[in-house]
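Written out below as structure tokens is the structure these notes cover.
The values are calculated or read from the model by the stated rules, or taken from the named source; none is laboratory data. Note that the structure is predicted; figures quoted are calculated from it, not measured. Every residue, glycine as well, gets a Cβ built from its backbone with ideal geometry; the counts of neighbours run over all protein chains shown. For the accessible areas, the whole protein counts, side chains as well, though only heavy atoms, and no ligand, DNA or RNA atoms are used. Shrake-Rupley method; radii C 1.70, N 1.55, O 1.52, S 1.80 Å.
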Amino acid sequence: MESNSNYKYGIKSTFSQCLALVGAGFLQVGVGTELICSTVIIGALSDHSNKNEWLTMSNEQMSWFGSLLYLCTPLGSLMSSLVLDWLGHKKCMIITNIPYLMSQIMFFYAENVETMYACSIMMGLSVGFSGGPFSAYIGEVCEPKLRGALMCATNVFYFGGSLLFATIYAITRQWRLTVLINMAIPIITIAILCMSPDSPMWLLSKGKNEKAQRTLGKLRGWVTHDKCSNEFHEMVVFMSANKNSSNIKNGKNNSESSWKQLLQPDVIKPFRLLLIYFFFSNLLSGVPFAPYLVEVFMTFGADVDVQWTIAFSLGIAILGGILTIFLVNRLGKRFLTLTTLSICSICYISIGVIGVYWTSSKQIKSWLLLTSFLISTFVASFGIMPIGWILLTEIFPMKSRNITCSICSTLSFILSFFMTKYYTNVVYLVGFYNTFTIFGFGGLIGCVYFYFCLPETENKTLQEISAFFK
């Protein structure tokens, strides 16, 4: 097996791969706007001083509106997993934008709560459909040394989409006008994806060896076949080994179903690890609070404009995402995970303790609370938030990568649904600040688990990572 150190393509290869991922990046811009949409709209509908808005929601309706997106991602992900091998990553990413565009049109004309629910469902289908194709595409298109950094770069697009949507609303203070402007995102994304290449791995799986070879040459800086022959040969051997392994275990000449392969150790082990990772990542990166950020910032009590504070928090998240691009290769995913999860846990515990026991100046208290929350947002954005999705592109074997990427992204959003839907119930039971304390101590438990169970995958080929879990 060739080592990834033998892949020496130069700056043109890096530029070519960045160019190929522009469409995937814009897809993440769309996901970012979809996930911040409920936060902005719930905040707008909670502002009863706005006399121009006739639509209203109760607290229960808001909790359903804010969480339905996460609940409906499994259906979108299931649909994606069923057609991904047939259509390929590129076509699936294009299809993702259709329900997204429809949801924005429906938002603009919405006159009742039922339509708002339908919009949230459409966005959930879009987000769920995008997860598997997007993650698998990144993992198969990029060189091992660039995979982590480029995945982090697309994470910056995600935060950029959320920041764009929040900033437009902060300026206009009209959520319907905001979604109208946002309709440009899926249209632009479709246009860019139409010009993007297919994954060489997918082309190989369809027997299109010559096209796969040409595509790999373009992705590695428009080089000749001789220049990328080692990597292409490694891909062919890897694909053949997976097919032969399936045939031997099944006792047949045809490939074993990917669904049956989910029970094999090299799939179960990374699957369990990633599911636990997503649980702690969602818990400590603000997912439970996301639809209720306006209320959270108002409870902190700092004398700030809430809408611009939300935009600012997304801005520092972008900065964190940019830092990840430069840090992940130097520090590794394991170190960043342990460090950022620890800091976020301490920040959450600090919010809980200060909120309950601080009795002196309310102004100092409010700024300490807000600062701790913003620090946790920044730290999570260059550690636990992007790294889970980077691992998703790396740790599964090729034979089941498409379906496992779809299932894991689905389960991540199911976790997000329960966290957002029942966040208000937890607050009701234990109190607002005690909720932060519980989440913080939960994060410390996660640190202990990852210290013993999380391997380092940075600068390793997909084959080496796959071999680790066997």
- Task: Scan region 305-326 and report the pairs whose first residue is of a type in the set (Val, Ile, Thr) and whose second residue is crowded, with 18+ Cβ neighbours inside 10 Å and not in a helix (DSSP H, G or I), with Cβ atoms within less than 6 Å and a gap of 6+ or a chain change.
- Result: THR324/PHE382
- Note on the structure: Selection over region 75-93 where residues are free of Cβ contacts under 8 Å to residues at least 40 places away in the same chain and not in a helix (DSSP H, G or I) yields a count of 0
- In region 119-153, which residues are touching a residue at least 60 places away in the same chain (Cβ under 8 Å), over 19 Å from PRO200 (Cβ atoms) and among the β-branched types (Val, Ile, Thr)? VAL127
- Query: Any idea which residue in region 199-242 is nearest to the chain's Cα centre (by Cα), counting only those that are open to solvent by less than 20 Å² (accessible area, probe 1.4 Å) and under 30 Å from LEU101 (Cβ atoms)?
  - Reply: SER199
- Please find, among SER5, SER13, SER67, SER38, the residue that is in contact with an Asp or Glu (Cβ under 9 Å, 6 or more places away or on another chain), in a helix (DSSP H, G or I) and either modelled with pLDDT under 85 or under 27 Å from GLY132 (Cα atoms) (or both). SER13
- Task: Please enumerate the residues belonging to region 177-198 that are buried (at least 18 other Cβ atoms within 10 Å of the Cβ) and in a loop (DSSP other than H, G, I, E, B).
- Result: SER196, PRO197, ASP198
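Yes/no matrix, rows are residues, columns are (1) over 23 Å from the mean Cα position of the chain (by Cα); (2) closer than 19 Å to SER67 by Cα; (3) of a type in the set (A, V, I, L, M, F, W, C); (4) open to solvent by 20 Å² or more (accessible area, probe 1.4 Å):
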position	(1), (2), (3), (4)
PRO397	no, no, no, no
SER416	no, yes, no, no
TYR428	yes, yes, no, yes
ASN434	yes, no, no, yes
- Taking region 107-164 as the search range and keeping residues that are outside any helix (DSSP H, G or I) and among the charged types (D, E, K, R), which one is surrounded by the fewest Cβ atoms within 10 Å (Cβ to Cβ)? GLU111
- Query: within 17 Å of the chain's Cα centre (by Cα), in contact (Cβ under 8 Å) with a residue 40 or more places away in the chain and open to solvent by less than 20 Å² (accessible area, probe 1.4 Å) - does that describe any residue in region 263-274?
  - Reply: yes
- Pairing a residue in region 379-392 that is in contact (Cβ under 8 Å) with a residue 40 or more places away in the chain and more than 19 Å from CYS408 (Cβ to Cβ) with any residue that is open to solvent by 10 Å² or more (accessible area, probe 1.4 Å) and in a helix (DSSP H, G or I), where Cβ atoms lie under 6 Å and the two sit 6 or more apart in sequence or on different chains, gives VAL379/ILE343; PHE382/LEU323
